[in-house]
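Undergrad: First, the structure itself, so that you have it in front of you.
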Amino acid sequence: MLSVDTAPTKALAIASLLVTVVYLYGKLYYKRFKQNAHLPQLSSSLLWGHLMAFDDFTKRGITDRHPDAIFADMYRALGQPPVMLLDNWPIVPPMVIVASHQVAEQLSKPSQRFNINERWKAVRKRFNPGFSPQHLLTLLPVILDKAAPYMEHIDEFVRTGHTFPLDQFMTNLTFNIIGAVAMDEDMSAQGADQGILIQMFKELIKTYADDKLQLPWWLIPRTHLRRRELGRRISHQLKAIVRRSFNDINEKNNANSRSILALSLQGIPSLTPEIIEETCDQLKTFLFAGHDTTSTTIIWCIYELTRTPHAMKSVHAELDNLFGPGGARNPTVVREKLLAPNGEGIIHGMTYISAVIKEVLRLHPPAGSIRKSEPGTGFTVSTPDGEYNLDGNWVYLNHTIIHRDRTVFGETADDFRPERWLQPQIEDISTTAWRPFERGPRNCIGQELANIETRVILAMLAQRYEFTKVGLGEFVLNGDDKGYYKAKSELYATIQITAKPVDGMLMKVKLAAAED
């Protein structure tokens, strides 16, 4: 038997390994310390990037608070630059956090780097009629019908005096509304036996609520597989609804449905797989954003109004003016007035309530907005500190930071002040500094629906009930010098896909006393 001298083989293997190690080290060193060295950032680690810094800032405060709050702490520690790099690769790609509304505006405007393709324009055009303000106001009966069982739930808590999570019941209401408005479907969200579609949506959302760090698939493969399966099943249900709606319009010559889906399908000669797929994708977005962000906005409105006596007094005065003295305490009166010929005028007349909504969305934006700057595009943004090339990074428009910019909102940037949105104060606020629905051609198509729905529900709740926060964020009932009650503890948001109150907004409720 021939013997083989293994020494050269081992030497070659060791040399190859060393070359590989040196190559990988060089690549990692460049990625960590060279590629984005021009961007403002905290000290980085070769192996961990900013993961250790992120962990350190997380532990300095409430550990399960929303990542946006942690980003804000890091941003302040860095001296509040207009943009900031957060390199948490390989958990997520390197991300540039935008903290300036002027920079955010550069990203939201149409450009060759962030262009709007023709297919996207065609899809948006199909759905625009269903979201026009004129059409949405014709759907007021739907909103009011779905609100009736919700009011019965709240009346039951009045009777029992039990503590309850306001978010849970509000989410069920807004899910029912968006299902009816978008697809003319009864989601059965407010009953004991919820529909299969809402059950799957809630199960899908829970997989994100349990994943606070939004980890990549390779760290939690079972969770990602579960999400994919739930997404597939949801798509199957929605595609069946799309086909049924198309058949109702065409085969049965039934054009009575005024749902957003039905309007989007009118004039389409045939239901191709491509149209089914893109329509299904849009419906998933409408159903999620249309129930989640609206419900969260409403419950924060209730919290801030309950905490701010002068603001609640102004809301009551506006409701008395629109519905008659004490009229908004009666759901029947609210319904009759809104469905009367001048109902549209009442909606538009809720100027102070609209300011409340706008201020809540400033202080408690449900989510930011993210884009990707492709490598080699040369995409550069201008700031007072100079120009920054954002090539190859995710770009995150952090609404939490942008909306509390003291150069725009002054020393009251962290305070609930609806009056700032009323004339003449509003004239001093840059239009680009408030962007919860984002701006530009890709702004939220459903923002008018959210505004109408929120105004109507607040009109039904604000004067009829007196809510009391329980647990986190509970008030000490004496006003401070800013005109609102002090909180015994901090009520904060966690990430549950969007930003939500950590405790689901635990409340007690009673019927409000009649006012003099």
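The values are calculated or read from the model by the stated rules, or taken from the named source; none is laboratory data. Here the structure is a predicted model, which is why all the values come from computation and not from measurement. Positions of Cβ are backbone-derived with ideal geometry, glycine not excepted, and every protein chain shown enters the neighbour counts.
Undergrad: For the subset of the stretch 31-63 comprising residues that are in contact with a Lys or Arg (Cβ under 7 Å, 6 or more places away or on another chain) and not hydroxyl-bearing (Ser, Thr, Tyr), which member is nearest to Leu85 (Cα to Cα)?
TA: Across the stretch 31-63, the extreme among qualifying residues is Gly49.
Undergrad: Look at Arg420 and say whether it is farther than 27 Å from Asn398 by Cβ and assigned to a helix (DSSP H, G or I).
TA: no
Undergrad: Out of the stretch 499-510, which residues are touching a helix residue (DSSP H, G or I) at 6+ places or on another chain (Cβ under 8 Å) and surrounded by fewer than 19 Cβ atoms within 10 Å (Cβ to Cβ)?
TA: Across the stretch 499-510, the qualifying residues are Gly504, Lys508, Lys510.
Undergrad: A further question follows. Any idea which of (1) more than 28 Å from the chain's Cα centre (by Cα); (2) over 24 Å from Arg464 (Cα atoms) is the one Asn342 doesn't satisfy?
TA: (2)
Quick grid of which residues meet (1) of a type outside the set (Gly, Ala, Ser); (2) closer than 30 Å to Val103 by Cβ; (3) in contact with a strand residue (DSSP E or B) (Cβ under 6 Å, 6 or more places away or on another chain); (4) without any contact (Cβ under 8 Å) to a residue 60 or more places away in the chain:
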residue	(1), (2), (3), (4)
Thr297	yes, yes, no, no
Thr308	yes, no, no, no
Lys313	yes, no, no, yes
Arg335	yes, no, no, no
Pro341	yes, no, no, yes
Gly376	no, yes, no, yes
Ser382	no, yes, no, no
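Undergrad: While we're here: When the residues of the stretch 26-52 are filtered to those that are among the hydrophobic types (A, V, I, L, M, F, W, C), out of contact with any helix residue (DSSP H, G or I) (no Cβ under 7 Å at 6 or more places or on another chain) and farther than 24 Å from Gly378 by Cβ, which remaining residue is surrounded by the most Cβ atoms within 10 Å (Cβ to Cβ)?
TA: Of everything passing the filter in the stretch 26-52, Leu51 is surrounded by the most Cβ atoms within 10 Å (Cβ to Cβ).
Undergrad: Could you please let me know if Ala72 is closer than 16 Å to Ala53 by Cα, outside any loop (DSSP other than H, G, I, E, B) and small (Gly, Ala, Ser)?
TA: The answer is yes for Ala72.
Undergrad: Please work out which one of (1) charged (D, E, K, R); (2) crowded, with 20+ Cβ neighbours inside 10 Å; (3) touching a residue at least 60 places away in the same chain (Cβ under 8 Å) is the condition Arg371 fails and give its number.
TA: (2)
Undergrad: I would also like to ask the following. All but one of (1) buried (at least 16 other Cβ atoms within 10 Å of the Cβ); (2) modelled with pLDDT of 95 or more; (3) more than 25 Å from Asn88 (Cβ to Cβ) hold for Cys444; which doesn't?
TA: Here Cys444 meets the rest and fails (2).
Undergrad: Which residue, of Ala99, Ala104, Ala122, Ala148, is of a type in the set (Gly, Ala, Ser) and free of Cβ contacts under 8 Å to residues at least 12 places away in the same chain?
TA: Of the residues listed, the single one that is of a type in the set (Gly, Ala, Ser) and free of Cβ contacts under 8 Å to residues at least 12 places away in the same chain is Ala122.
Undergrad: Looking at (1) buried (at least 22 other Cβ atoms within 10 Å of the Cβ); (2) on the phi > 0 side of the Ramachandran plot, can you tell me which one Gly161 breaks?
TA: Unmet for Gly161, out of (1) buried (at least 22 other Cβ atoms within 10 Å of the Cβ); (2) on the phi > 0 side of the Ramachandran plot: (1).
Undergrad: Now for a separate question. Restricting attention to the stretch 366-376, report how many residues are of a type outside the set (Asp, Glu) and part of a loop (DSSP other than H, G, I, E, B).
TA: 6
Undergrad: Here's a follow-up. For the list (1) within 23 Å of Ile220 (Cα to Cα); (2) surrounded by fewer than 19 Cβ atoms within 10 Å (Cβ to Cβ), I need the number of the one condition that Glu118 fails.
TA: Going through the list (1) within 23 Å of Ile220 (Cα to Cα); (2) surrounded by fewer than 19 Cβ atoms within 10 Å (Cβ to Cβ), Glu118 breaks only (1).
Undergrad: Counting only residues that are among the polar types (S, T, N, Q) and modelled with pLDDT of 95 or more, how many does the stretch 321-376 have?
TA: 5
Undergrad: Given the conditions (1) under 23 Å from Ser382 (Cβ atoms); (2) assigned to a loop (DSSP other than H, G, I, E, B), which single one is not true for Trp89?
TA: (1)
Undergrad: Same structure again: Might you check whether a residue that is of a type in the set (Asp, Glu), crowded, with 17+ Cβ neighbours inside 10 Å, in contact with a Lys or Arg (Cβ under 8 Å, 6 or more places away or on another chain) and not in a loop (DSSP other than H, G, I, E, B) occurs anywhere in the stretch 343-364?
TA: Yes; the residues of the stretch 343-364 include at least one that is of a type in the set (Asp, Glu), crowded, with 17+ Cβ neighbours inside 10 Å, in contact with a Lys or Arg (Cβ under 8 Å, 6 or more places away or on another chain) and not in a loop (DSSP other than H, G, I, E, B).
Undergrad: If you go through the stretch 460-503 one residue at a time, how many are among the basic types (Lys, Arg) and in a loop (DSSP other than H, G, I, E, B)?
TA: Total satisfying the criteria: 3.
Undergrad: Search the stretch 1-29 for residues that are among the hydroxyl-bearing types (Ser, Thr, Tyr) and pair each with any residue that is modelled with pLDDT of 85 or more when their beta-carbon atoms are under 7 Å apart and the residues are at least 6 apart or on different chains.
TA: The qualifying pairs are Tyr29/Leu46.
Undergrad: Looking only at the stretch 460-492, filter to residues that are of a type in the set (A, V, I, L, M) and modelled with pLDDT under 95; which one of those is surrounded by the most Cβ atoms within 10 Å (Cβ to Cβ)?
TA: Among residues in the stretch 460-492 that are of a type in the set (A, V, I, L, M) and modelled with pLDDT under 95, the one surrounded by the most Cβ atoms within 10 Å (Cβ to Cβ) is Ala487.
Undergrad: Could I ask something else about it? Applying the selection to the stretch 227-263, what residues are surrounded by 14 or more Cβ atoms within 10 Å (Cβ to Cβ) and either of a type in the set (A, V, I, L, M, F, W, C) or farther than 22 Å from Gly195 by Cβ (or both)?
TA: Passing the criteria: Leu230, Ile234, Leu238, Ile241, Val242, Phe246, Ile249, Asn250, Ile260, Leu261, Ala262, Leu263.
Undergrad: Kindly list, by first and then second residue, each pair from a residue in the stretch 47-68 that is under 21 Å from Glu490 (Cα atoms) to a residue that is in a helix (DSSP H, G or I), limited to pairs with Cβ atoms under 6 Å and residues at least 6 apart or on different chains.
TA: Going by the 6 Å Cβ cut-off, the qualifying pairs are Phe57/Ile70; Phe57/Asp73; Phe57/Met74; Thr58/Ile70; Asp68/Thr400.
Undergrad: Taking the residues in the stretch 377-414 that are modelled with pLDDT of 95 or more and assigned to a loop (DSSP other than H, G, I, E, B) as candidates, determine which candidate is nearest to Met74 (Cα to Cα).
TA: It comes out as Asn398.
Undergrad: Also: Please give the number of the condition Ser111 fails out of (1) crowded, with 21+ Cβ neighbours inside 10 Å; (2) modelled with pLDDT under 95; (3) among the small types (Gly, Ala, Ser).
TA: (1)
Undergrad: Moving on. Of the residues that make up the stretch 430-449, is at least one in contact (Cβ under 8 Å) with a residue 60 or more places away in the chain and assigned to a strand (DSSP E or B)?
TA: Within the stretch 430-449 (the criterion being in contact (Cβ under 8 Å) with a residue 60 or more places away in the chain and assigned to a strand (DSSP E or B)), the answer is no, since none of the residues qualifies.
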